[in-house]
Amino acid sequence: MNYALGKDLFREIIVCSSCPYAKLELDSKSVEASWQNLKEDLDAKGMIGKNLSIGQRYAILFFVKKRFKIPDH
């Protein structure tokens, strides 16, 4: 469920044509390069995260990590 929710939210509020990451190339290399910024923007006080619940933020991060194979650091 978190994966599907994260996928939907990612498309709707992260990479849509008018979203903050609209120009992000959706490949592992590009997403990994933007990972730190995305995490900060999804923080509770971040530009995107301040309007989301903790569950929504977690689902997006979960989806991105799994879909784009972002390693744990």
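Here are a few things to note about the model shown:
- Pair list, Cβ < 8 Å and 6+ apart or interchain, from the stretch 15-39 residues that are polar (S, T, N, Q) to residues that are assigned to a loop (DSSP other than H, G, I, E, B) and surrounded by 12 or more Cβ atoms within 10 Å (Cβ to Cβ): Ser28/Phe68; Ser28/Ile70; Ser30/Leu24; Ser34/Tyr21; Ser34/Leu24
- Under the condition of being without any contact (Cβ under 8 Å) to a residue 24 or more places away in the chain and in contact with a Lys or Arg (Cβ under 7 Å, 6 or more places away or on another chain), the residues counted in the stretch 40-64 number 3.
- Unmet criterion (only one of (1) surrounded by 16 or more Cβ atoms within 10 Å (Cβ to Cβ); (2) free of Cβ contacts under 8 Å to residues at least 60 places away in the same chain; (3) not in a loop (DSSP other than H, G, I, E, B)) for Ile70: (3)
- Leading residue by the ranking (nearest to Ile70 (Cα to Cα)) among those in the stretch 6-59 that are assigned to a helix (DSSP H, G or I) and of a type in the set (Phe, Trp, Tyr): Trp35
- Inclusion of Tyr3 among residues that are hydroxyl-bearing (Ser, Thr, Tyr), part of a helix (DSSP H, G or I) and without any contact (Cβ under 8 Å) to a residue 60 or more places away in the chain is not warranted.
- Here is the figure for the stretch 1-24: residues that are modelled with pLDDT under 95 and among the polar types (S, T, N, Q) total 1.
The values are calculated or read from the model by the stated rules, or taken from the named source; none is laboratory data. As the structure is a prediction and not an experimental result, all values here were calculated from the model. In this analysis, Cβ positions are derived from the backbone assuming ideal geometry, glycine residues included, and neighbour counts consider all displayed protein chains.
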